[in-house]
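J.: My questions will all concern the structure given below.
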Amino acid sequence: MEKDQLIAEMKKIVGEENVLHSKEALYSYSYDATPGHVYMPDVVVSPGNVQEVSAILKFANEHKIPVYPRGSGTNLSAGTAPLKGGIVLLMLRFNKILDLDLENLIAEVEVGVVVQDINDYVAPHGLIYPPDPGTVKTASLGGTINENSGGLRGLKYGITKNYVQGLEVVLANGDIIHTGGKNVKDVSGYDMTKLFTGSEGTLGVVTKAYLKLVPKPEAQASMIAVFNTLEDAGNAVSDIIAAKIIPATMEILDNASIRTVEDFMHVGLPTDAAAILLLEVDGHPVIVADEKEKVLEVLKKNNAAEVTLAKSPEHKEQLWTARRMALPCLAKLRPTTFVEDATVPRSKLTQFLRIVTKAAKDYNVTIGTFGHAGDGNMHPTIVCDLRDEEEMERVHKAMDDIFRGAVELGGTLSGEHGIGLGKLPWMELQHGKEGMNAMKAIKRALDPNLILNPGKLIGEC
Amino acid sequence: MANEITAEEINKHDATLLKDIDDALANCMKCGNCQAGCPIYRETRKEFSVARGKISLMQAILSGKLEITKEFDSMMAQCLTCKTCAANCPCGVKADELILRGRHATIKARGLNPIKKTVFSLLSNRPLFNTVLRMGGMFGWLTFKDIPDKNAVLSRLPMPGMDPNRATAPLAATPLRSEFPPVIKVDNPKHKVAFFTGCTINFMYTDMGKAVIDVLTENGNEVILPGAQHCCGTPVHVSGAFELANEMAKHNIEVFERFECDYIVGACGSCVEALKDYPKWLADEPDWAARAQAIADKVREISQFLVETGYKTDNLGAINKTVTMHDPCHMVRGIHVTEQPREILKSIPGINFVEMKEHDRCCGSGGSFSLAHYELSRQINDRKCENIKATNADYVCASCPSCRMHITDGIVQNKMPQVVYHPIQLLAESYKLGKQK
């Protein structure tokens, strides 16, 4: 189809002011937060309601034009990069929190709302929406549903899929369907809600969600522990869980991350430590006090060289500088930053960290690792310069070792960022041919013309 | 001659145009964190409104994927220079400065846009500039209608480039610098302080300027008002017309070098930031940069000066009002002065100081941005007004005449009761009330 005709059709559906097509505007939607993926779309369209989304998809499906749903474009898997040209479907006009049902603790929210805004909206009612990815202040709800985002509280509170209870979805043929709803228990039919959550925009366009909210924990206790060996840190993580304590947060920083943060921030971090653990238990004040003591005991038993308890919320913020600044400081080292999210079973944490350290050494690349120790979700962060081809070759070799290592340990390529394009080459390694075929069959059933975010997650189909 | 020059040609003609910021641009990791704070993005939610988008566009120019076009120019124009992106960037990218480089490149490639060209040629000719604004003030009553108690006016006639419903500042019948002698003497002066008035205080808000002079003399400082001082150059600099801005900087350096003074004080965050930044502006000319540094070392914002050198608090009269404060962008993220104006306000008896939500968020003025994008700057301003409303304040304080003008407009449009002052005006008023006792 001619580009001019496509633009004219889109203007008919959403109105002239909601269609962008200048070269400069198109370039502005050619990328997301993933390094190295820039592809020009043909048009950027901002629908204002579900009927318009339906009309756009119906048209695109008839003419086999690729469609890429996009929110804030902050994902780390090239999930919104318009790989094959076509329509960028900008969902940010879906910007309303439609309802807060305090009897069912459900929020009905459109996908263009920023996740932090949901939390700000429900906070006065003593509620939280737990998924809190690092991009909580920028990411749209739709993006976090499509990528099934996690965050720091994943260990105790789970991830996005645990809080999405129902969806409004537009299928590739333009059909509008509703999955799930306000029922806590619902086994009627396939669990379509879970299917679309994490589907990276390859199966349908999500327009609205019913979100489960939970009461805000009354009390917290936070602490930071320094370890001289990775084994001790890894054992401490396993032992805390074995002691039947599920901390809200249990984060780890490796030596490379500690040194980088200290170089930039000068906050007095122990640069010779092998690892730092940051922990927070939350809940009823009595239980928090009890769990705090137990955690301290486990840390001591596992040879923590130093443990500091947060005395106040301000003190906690100070202690958590190391974790908060890990990514920014690593990113400052070099122009390009790949934040990976390979995940392993908790018990394999130490082994996995060794694999990462070895890959960094073998290929002479800079990798700092931090992440969610409690759920085995690590962020090996590779800093480099995309403009240096020789270095990029080494970076990809290091990535290959890391992903293969994770899968060999019974882990997964992605804990929370999604597959998109970045981790596509390793998908068959984890899922096997048969697993990939099953996924491709689902894709072809729901999107026979392969217009929805084509080439992502399962690759060519 | 073709209007548009391709990236290739630009690089051929002027290899240094954007080339030297290649590394600075590459440091942006495209995380998009700048979306969270950008006042323009919050309204438009368009990628090219935010720093990440503009940096990407500049990289596309550099790599030859895009050319410098009118559209590129208009996207680069969508920035308030509020510096929120730079202050919150995890990679420490100074996007605000890079965007100015983008504007500079546009001017190099396409020339200044005609409206700006007219305004800037007026600005560069100081005597003409002074005469025009002075005449405007003398005949102001013909063209403007006063809004009672707000120190604001509405235009009676359509004005080119201005929204007809916009409340603006009155042009003073007599500019500040014509009302006072070049030196205002006091007995046994503590310090000799040169006052950099800036244009808006000189030609419009003379009440702010008088308050500065009153407070300085009240605290035993001799005040020098160099008549030949000129616009600080900020409006020109942020448009990317660096060469012209540098000429204005040099003029001001020469003017202030002529006076022996201990300090140079300003009452506008943007002017003060410019004076402090002159060494950076003139970095390519080491001799000038050194002279600029000598000037910059003496520069203080008025509240900064008072807190640093001490001010009288034993003779203050009570102002029984609820007061809230807006932190102008160039105060909070430019020169990092936020505590001093608060300290001054809180030292005035009777004042009930209430912080507003998002007090450091841009009011939407952005100097000439509000002229070119009035509707958008109003939307941003409406959020500011909502936050002001929630404080139930009587007065809003802002250490910037542009913010004062824009917030006053918002208050008028939203039919709110507040009046906007510079913090120093309340201190001056308090001294006055103290004497009446």
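J.: What average count of beta carbons from other chains do you get within 10 Å of the Cβ of residues in B:44-53?
T.: The mean count of partner-chain Cβ atoms within 10 Å per residue comes to 6.
J.: For region A:3-90, report the convex hull volume of the alpha-carbon atoms normalised per residue, in Å³, without decimals.
T.: Dividing the Cα hull volume of region A:3-90 by its residue count gives 87 Å³.
J.: Can I ask one more? Relative contact order, percent, of region A:172-313 when contacts are C-alpha pairs under 8 Å separated by at least 6 residues?
T.: Across region A:172-313, relative contact order equals 32 percent.
J.: Tell me, what % of the accessible area of chain B is carbon and sulfur with a 1.4 angstrom probe?
T.: Whole-percent figure for carbon plus sulfur exposure: 52.
J.: State the Cα centre-to-centre distance between region B:349-410 and region B:224-274 in whole Å.
T.: 25 Å
J.: Sum -39500 (n - 2.57) across every DSSP H segment of at least 4 residues in chain B, then divide by the residue count to get the 222 nm mean residue ellipticity, nearest 500.
T.: Helix-only estimate at 222 nm: -14500 deg cm²/dmol.
J.: Accessible area of region A:97-215 with a 1.4 Å probe: how many percent of it is carbon plus sulfur?
T.: Using a 1.4 Å probe with all protein chains present, region A:97-215 comes out at 50 percent carbon and sulfur.
J.: In square angstrom, what is the accessible area per residue of chain B with a 1.4 angstrom probe?
T.: 41 Å²
J.: Continuing with the same structure: Starting from 0 in steps of 10 Å, tell me what percent of the Cα-Cα pairs of the protein assembly as shown lands in each bin.
T.: Pairs per bin, as whole percents: 2, 11, 19, 22, 20, 15, 8, 3, 0, 0.
J.: Of the peptides A:384-394, B:224-234, A:410-420, how do they stack up when ordered by the mean number of other Cβ atoms within 10 Å, highest first?
T.: By packing density, highest mean first, the sequence is A:410-420, B:224-234, A:384-394.
J.: Roughly what would the spin-label model give for A:Asp4 and B:Lys94, points 7 Å off Cα along C-beta, in nm?
T.: Modelled inter-label distance: 4.6 nm.
J.: Going Cα to Cα from B:Lys190, which lysines come in below 19 Å? Please leave out same-chain ones fewer than 8 positions away.
T.: Output for B:Lys190: B:Lys298, B:Lys312.
J.: Measuring with a 1.4 Å probe in the full set of protein chains, what accessible area per residue, in whole Å², belongs to region A:18-164?
T.: I get 31 Å² per residue for region A:18-164.
J.: Give a quick list of GluC sites (Glu not before Pro) in region B:216-323 that DSSP marks as loop, anything other than H, G, I, E or B, with at most 12 other Cβ atoms within 10 Å.
T.: B:Glu260
J.: In the structure shown, do any of A:Lys161/A:Lys423; A:Lys161/B:Lys46; A:Lys244/B:Lys30 have a Cα-Cα gap over 32 Å, and if so which?
T.: Distance filter (> 32 Å) returns A:Lys244/B:Lys30.
J.: Okay, moving on. Helix B:51-62 sits at what angle to the longest principal axis of chain B, using alpha carbons and giving 0 to 90 degrees rounded to 10?
T.: Approximately 40 degrees, to the nearest ten.
J.: Mind giving me the nanometre distance, one decimal, between the label points for B:Leu154 and A:Ala243, set 7 Å out from Cα along Cα→Cβ?
T.: Between B:Leu154 and A:Ala243, the label points sit 7.0 nm apart.
J.: Set the bar at 25 Å for Cα to Cα. Now go through B:Lys210/B:Lys321; B:Lys94/B:Lys192; B:Lys145/B:Lys321; B:Lys94/B:Lys280 and name every pair that lies beyond it.
T.: B:Lys94/B:Lys192; B:Lys145/B:Lys321
J.: Need one number: buried accessible surface between chains A and B, 1.4 Å probe, both sides summed, DNA, RNA and ligands left out, in Å² to 100.
T.: In total, chains A and B hide about 2400 Å² from solvent.
J.: Give the cross-link partners of B:Lys389 among the aspartates and glutamates, using a straight C-alpha distance below 13 Å as the criterion and excluding same-chain residues fewer than 8 apart.
T.: Partners found: B:Glu355, B:Glu358.
J.: Shifting gears a bit: Which entries in B:Lys83/B:Lys276; B:Lys83/B:Lys346; A:Lys64/A:Lys84 show an alpha-carbon gap greater than 18 Å?
T.: Cα-Cα > 18 Å for B:Lys83/B:Lys346; rest within.
J.: For a quick check: with amide H placed at 1.01 Å from N, whose amide H comes under 5 Å from A:Val67's, ignoring anything fewer than 5 positions away on the same chain?
T.: Hits under the 5 Å cutoff: A:Ile87, A:Leu452, A:Asn453.
J.: Could you name every residue in region B:57-75 that has 30 Å² or more less accessible surface in the full protein assembly than in its own chain alone (probe 1.4 Å, ligands and nucleic acids excluded)?
T.: The answer is B:Leu57, B:Lys65, B:Leu66, B:Glu71.
J.: Then there is this: Take peptides A:80-89, A:100-109 and line them up by average Cβ neighbours within 10 Å, highest first, as a rough protection proxy.
T.: Those peptides, ordered most packed to least, come out A:80-89, A:100-109.
J.: Give the carbon-plus-sulfur fraction of the accessible surface of region A:3-90 in %, rounded to a whole number; probe 1.4 Å, heavy atoms of protein chains only.
T.: That share works out to 50 percent.
J.: Same structure again: What ³J(HN,Hα) values, in whole Hz, does the Karplus curve 6.51 cos²θ - 1.76 cosθ + 1.60 give for region B:206-218 when θ = phi - 60°, with x put for Gly and Pro?
T.: 5, 4, 5, x, 4, 4, 4, 5, 4, 5, 4, 5, 4
J.: Still on this structure, I have one more. Report, to the nearest 10°, how far helix B:126-138 tilts away from the longest principal axis of the Cα atoms in chain B, using its own Cα long axis and a range of 0 to 90°.
T.: Approximately 50 degrees, to the nearest 10.
J.: Checking buried surface per residue: for region A:1-27, which residues lose a minimum of 20 Å² accessible area in the protein assembly relative to the chain alone (1.4 Å probe)?
T.: Hits at the 20 Å² cut-off: A:Leu20, A:Ser22, A:Lys23, A:Glu24, A:Tyr27.
J.: How shielded is A:133-139 by partner chains, expressed as the average number of their Cβ atoms within 10 Å of its Cβ atoms?
T.: Counting Cβ atoms of other protein chains within 10 Å of each residue's Cβ and averaging gives 4.
J.: Now, a different point. If you count, for every residue in A:329-339, the Cβ atoms of partner chains within 10 Å of its Cβ, what is the mean?
T.: 4
J.: How large is the helix-only mean residue ellipticity at 222 nm for chain A, computed as the sum of -39500 (n - 2.57) over DSSP H runs with n ≥ 4, divided by its residue count, in deg cm²/dmol to the nearest 500?
T.: It comes out at -11500 deg cm²/dmol, rounded to the nearest 500.
J.: Suppose a student asked you for the relative contact order of chain A, using Cα pairs under 8 Å spaced at least 6 residues apart; what percent would you report?
T.: Across chain A, relative contact order equals 15 percent.
J.: Relative to the compact globular guide of 2.2 N^0.38 Å, what is the alpha carbon radius of gyration of chain A, as a ratio?
T.: 1.00
J.: A further question follows. Could you work out the relative contact order of chain B? I mean the mean sequence separation of Cα pairs under 8 Å and 6+ apart, divided by the number of residues, in percent.
T.: Reported as a whole number, the value is 14 percent.
J.: Quick one: plug the Kirkwood hydrodynamic radius of chain B (C-alpha pairs) into Stokes-Einstein at 25 °C, 0.890 mPa s, and report D in µm²/s.
T.: Result for D is 109 µm²/s.
J.: Let me ask another. Compute the accessible area per residue over region A:219-408, keeping the other protein chains in place, probe 1.4 Å, unit Å².
T.: In whole numbers, region A:219-408 has 42 Å² accessible per residue.
J.: From the C-alpha gyration tensor of region A:357-461, pull out the three semi-axes of the equivalent ellipsoid (sqrt of 5λ each), sorted largest to smallest, in whole Å.
T.: Computed over region A:357-461, the values are 28, 17, 12 Å.
The values are calculated or read from the model by the stated rules, or taken from the named source; none is laboratory data. The structure displayed is predicted, hence computed values, not measured ones. With ideal geometry, Cβ positions are generated from the backbone for all residues, glycine too; neighbour counts draw on all protein chains shown. For accessibility, only protein heavy atoms count, side chains too; no ligands or nucleic acids. Shrake-Rupley method; radii C 1.70, N 1.55, O 1.52, S 1.80 Å.
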